[in-house]
Amino acid sequence: MATRRITMTPGARRVLAAAGRLFYARGIHAVGVDLIAAEAGVTKKTLYDRFGSKDQLVVEYLADRDERWRAFLADRLQQVEPGSADRVLAVFDASRAWMTDSSPRGCAMINASAEISDPDHPAYPVITGQKTWMLDLFAELVREFHPTGAEELARTLLLLHEGALVAHGLRTFPDPIGHARDQARTLLDRA
């Protein structure tokens, strides 16, 4: 299912910025459109004129975070020579930096999935699409240096990665992403 997106006006950008801060800090269901409009300095009517619904605003929030994450990761991956296991490890390094700088409460997609489990919700494909993209990325990176069994290794790497993001958000133990990176390095050395 294709995700419908809107054109961003300056007012819509203010609404999206406010919604992004609030949804991430408090949760999607806990934040109402009145608060978002007030934080953005717009009327509720403006919010609905721009986005049509809170559900569409959630789509834009998650899609925006996904786009920023992909650009951040692409920049990090460009700094590592193709064809080596170091590119896989660079994903973990990028995640550690991203989480430290902009996601102290864990992965926005994982957090959103705890609130949005209905496949018919318009934001559901954004959430699942981001995780499918990560799986495909791991498979592509592994194939660069180890074409045999890349899909299976990619699944294990994704589980390490996503588990580390959850542990980071829950503050289960110090530096879970670093721990996952070390475990990934062990797996890659055996491949």
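Rule-based calculations on the coordinates, nothing more; no lab input. Here the structure is a predicted model, which means the values were calculated and not measured. Every residue, glycine as well, gets a Cβ built from its backbone with ideal geometry; the counts of neighbours run over all protein chains shown.
Residue count for region 129-145 under the criterion of being within 13 Å of the chain's Cα centre (by Cα) and in contact (Cβ under 8 Å) with a residue 12 or more places away in the chain: the result is 6. Inside region 33-64, can you point out the residues that are in contact with a helix residue (DSSP H, G or I) (Cβ under 8 Å, 6 or more places away or on another chain), within 16 Å of I116 (Cα to Cα) and not β-branched (V, I, T)? K54, L57, E60, Y61, L62, A63, listed by residue number. Restricting the search to region 81-118, which residues are under 26 Å from A25 (Cβ atoms), outside any helix (DSSP H, G or I) and not small (G, A, S)? Selection gives P104, R105, C107, I116, D118. Among residues of region 149-191 being part of a helix (DSSP H, G or I) and among the polar types (S, T, N, Q), the one that is nearest to K131 (Cα to Cα) is T156. Scanning region 82-118 for residues that are surrounded by fewer than 16 Cβ atoms within 10 Å (Cβ to Cβ), farther than 28 Å from R171 by Cβ and either in contact with a helix residue (DSSP H, G or I) (Cβ under 8 Å, 6 or more places away or on another chain) or among the polar types (S, T, N, Q) (or both) gives S84, D118. The residues of region 2-41 that are assigned to a loop (DSSP other than H, G, I, E, B) and either surrounded by 20 or more Cβ atoms within 10 Å (Cβ to Cβ) or on the phi > 0 side of the Ramachandran plot (or both), listed by number, are G27, I28, V31, G41.
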